[in-house]
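Participant: Got a structure for you, written out below as structure tokens; questions coming shortly.
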Amino acid sequence: MSPVTHTTRPQHNGILVLDYGSQYTLLIVRRLREIGIYSEVIDGRESQPPAGFQIDGIILSGGPDSVYEDGSRPLPKWVLPLNVPILGICYGMQLLVEQAGGHVRAATKREYGHAVMHAKKSSGPAACLFPPTPVKQTVWMSHGDDIAKIPDEFDISGETDDHVVAAITHKIKPIAALQYHPEVAHSEQGLELLKTFATKLCHLALSWDGKSRVDSLCKHIRDVVGDGHVLVACSGGVDSTVTAALLLKALGPDQVTAVFCDTGLLRKHEVEWVSERLKVLGLRHLEILRSSALFFERLKGVTEPEQKRKIIGGLFIEEFERYAKKHPEFTHLGQGTLYPDVIESAGHGAGSKVIKSHHNVGGLPDRLALKLVEPFRWLFKDEVRTIGLELGLPEELIQRHPFPGPGLAVRIIGDVTPERVAMLQEADHIFISALREHGLYHVPWQAFAVLLPVKSVGVMGDNRTYQQTIALRAVTSSDGMTAGVADLPLSFLTRVSDMIVRRVQGINRVVFDITTKPPATIEWE
Ligand code: XMP
């Protein structure tokens, strides 16, 4: 991928987050933007602050390292001399404690999940982060180390029931550190704390709203593309569709071609649905690659989730490459790459665990020698949704539930065959249509069906059945990084179950997944 340049950066000051490999780092940035604070993230090992960005405050993320182990990521030398407010979270806290002469140890009891924190009176400018009420609050912990001795220049501002140091504040400087994660929704006062940090300590106004950047983005696209021709890979999802719409607005229909790959792993009627909407956008050049046979062939017998993901990601690239090589007129590849994709592919947090290898068509530009045009590489998904609405795209398209790049393959546990895809498509269609009909579509942030290879005994009419299971998943979330279980009425779920068992051949049982993320992920694979 081309390096991030500051020329297209939408704002030039705000809070800088240093990433030490936590699964939640981007959530910190996301939360700050949500409350109106522009924020960016860099690798916690950078030897220099980013050029062209005025740092009003710093947040140090959590991470898997232990400060007392060789090779753990240190606090860069340039951070403290900046004299800006600092908030350390988890590993970030331990870094601050260690460098100020405190002591961090392996916790005797690894804390994971909810804990109750009791606020304690402290002094210093950062004490405002811990108001006297509420005296008790629920916080979200995830750590293996804790603080054995706090440095002399700090006060304890919060302790858990088990007397684990949960929060400390510097006695003189605007520095605070937390053992818990304020960015995770389960931490009751977390958002309020981030807001107070930004406004009271960093003196920032809540002015970032992610809106009205259509004109500047169009100008950026015209500067990058000139009179070239853009190939845009569309999936029917929000990001690629808004990218196509923005490219059309900036360049007009003669300079844009959309390509849509039918992998055979899409939802029922998806190809027709997406094609129609892309035409409504004013696209004159739309190419549909009919690739399902190839995808099924390569997935034959593959059951391991990561292998499925890698095969599908690779095939996407092959298919687009095959198409693009026949069309030398293309000069650019338009992608709906979002800020989280940029950060992920920049490989921060080497050492943070890969949970799933998400895929986009990121390997393409190098193979095709096309230049990239990525108007959204500084933005999050809901910021792109706002732009989509400003461009006049239908609400129905913009507010669609997300759909994963590898498609239904990661919702079919075990073998992916055309028959099993057809079963899942039907069950999923019944579920989603019922949500729409009952006005419940937006209760979950994302909902779908999963096909399980579990067979169980049932009875239909007078006959015994021994058939497969569908799991329904419906989650609440704001960004997919954490999720709760959507509160759908049991009477509704029972009706959906009834319809699925009656209409989908081979299914005799439906279950509802009631797991949050973490500890589960949203998709099953
Ligand atoms: P997980 O399963 O990681 O999913 O909790 C979080 C969100 O990401 C979507 N997802 C993907 N999106 N390519 C995508 O574009 C992928 O490979 C991919 N895998 C998961 C998932 O649907 C959920 O919204």
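Participant: Viscosity 1.567 mPa s, temperature 4 °C: what is the translational diffusion coefficient of the range 81-227 from Stokes-Einstein with a Kirkwood Rh over Cα pairs, rounded to a whole number of µm²/s? All intermediate terms of the calculation are to be shown ahead of the outcome.
Facilitator: Values: Rh = 16.6 Å.
The Stokes-Einstein estimate is 78 µm²/s.
Participant: Between R464 and T515, what length comes free when the chain is fully extended (0.36 nm per residue of separation minus the Cα-Cα distance, one decimal in nm)?
Facilitator: 15.3 nm
Participant: Set Lys and Arg Cβ to +1 and Asp and Glu Cβ to -1, take the dipole of the chain about its Cα centre, and tell me which of L75, V510, G405 lies farthest positive.
Facilitator: Of the options given, the answer is V510.
Participant: Also: If you take all C-alpha pairs in the range 191-232, what percent of them are over 12 Å apart?
Facilitator: In whole percent, the share of Cα-Cα pairs in the range 191-232 beyond 12 Å is 71.
Participant: Separate question: Calculated from DSSP H runs of 4 or more alone, at -39500 (n - 2.57) each and per residue, what is the 222 nm mean residue ellipticity of the chain, nearest 500?
Facilitator: -8500 deg cm²/dmol
Participant: Any idea what log10 I(q)/I(0) is at q = 0.21, 0.25, 0.26 Å⁻¹ for the range 486-525, Debye with uniform C-alpha scatterers and no solvent?
Facilitator: Values, matching the q order: -0.78, -0.90, -0.91.
Participant: Follow-up. Given 0.36 nm per residue, what is the gain on full extension from A369 to S491 after removing their alpha carbon distance, in nm?
Facilitator: Once the chain is fully extended between A369 and S491, it gains 38.4 nm.
Participant: What Kirkwood Rh does the chain have if only Cα atoms enter the pairwise 1/r average? Answer in Å.
Facilitator: Result for the chain, one decimal place: 25.0 Å.
Participant: Please give the length that would be gained between I35 and D161 if that part of the chain were fully extended, namely 0.36 nm times their separation in residues minus their C-alpha to C-alpha distance (nm, one decimal).
Facilitator: Values: separation 126, 0.36 × 126 = 45.36 nm, distance 3.00 nm.
Difference between extended and current length: 42.4 nm.
Participant: Shifting gears a bit: Quick one: pull the percent of accessible area on the chain belonging to carbon and sulfur, 1.4 Å probe, ligands and nucleic acids left out.
Facilitator: Carbon and sulfur: 52 percent of the exposed surface of the chain.
Participant: So, with +1 on the Cβ of K and R and -1 on the Cβ of D and E, and no other charges, what is the size of the charge dipole of the chain about its Cα centre, to the nearest 20 debye?
Facilitator: 480
Participant: Amide H of V232 versus every other amide H placed in the peptide plane: which residues, excluding those fewer than 5 positions away on the same chain, fall under 5 Å?
Facilitator: Those lying under 5 Å, H to H, from V232 are T257, A258, V259, G334.
Participant: Then there is this: I'm a student and want to see the number: the projected area of the Cα convex hull of the range 143-197, averaged over all directions, in nm². Present the calculation step by step, with values, prior to reporting the outcome.
Facilitator: Details: hull surface 17.0 nm².
Mean projected area for the range 143-197: 4.2 nm², to one decimal.
Participant: Still on this model: Which is farthest toward the positive dipole end of the chain among I317, Q468, F330, measuring Cα position about the Cα centre, with Cβ charges +1 (Lys, Arg) and -1 (Asp, Glu)?
Facilitator: Value computed over the given set: Q468.
Participant: Also, I was wondering about something else. Going out from 0 in 10 Å bins, what whole percent of all Cα-Cα distances in the range 1-135 drops into each bin?
Facilitator: P(r) over the range 1-135, rounded to whole percents: 10, 36, 38, 13, 2.
Participant: In what sequence, highest mean first, do 505-513, 441-449, 33-41, 256-264 appear when ranked by Cβ atoms within 10 angstrom?
Facilitator: Top to bottom by mean Cβ count within 10 Å: 256-264, 33-41, 441-449, 505-513.
Participant: Quick one: which of K109/K517; K308/K517; K121/K517 span more than 25 angstrom between C-alpha atoms?
Facilitator: K121/K517
Participant: Here's something else I'd like to know. Mean shadow of the range 403-525, computed from the convex hull of its alpha carbons, in nm²? Don't skip to the end; give the middle numbers.
Facilitator: Values: hull surface 30.4 nm².
The orientation-averaged projected area of the Cα hull of the range 403-525 comes to 7.6 nm².
Participant: If I take R0 = 25 Å and measure r between the Cβ atoms of D254 and E297 in this structure, what FRET efficiency does the formula 1/(1 + (r/R0)^6) give, to the nearest 0.05?
Facilitator: So, using R0 = 25 Å, E works out to roughly 0.10.
Participant: While we're looking at this one, here's another question. Would you mind putting 120-130, 90-100, 482-492 in packing order, based on average other-beta-carbon counts within 10 Å, highest first?
Facilitator: 90-100, 120-130, 482-492
Participant: Explain nothing, just the number: dipole magnitude of the range 408-521 about its Cα centre with +1 on each Lys and Arg Cβ and -1 on each Asp and Glu Cβ, in debye rounded to the nearest 20. Each step should come with its number before you reach the end.
Facilitator: Numbers: 11 positive and 10 negative charges, 35 e Å.
Here the size comes out at about 160 debye.
The values are calculated or read from the model by the stated rules, or taken from the named source; none is laboratory data. All of these numbers come straight from a predicted model, not from anything done at the bench. Note that each Cβ is placed from the backbone with ideal geometry, even for glycine, and that neighbours are counted across all protein chains shown. Surface accessibility is based on the protein's heavy atoms, side chains included, excluding ligands, DNA and RNA. Shrake-Rupley method; radii C 1.70, N 1.55, O 1.52, S 1.80 Å.
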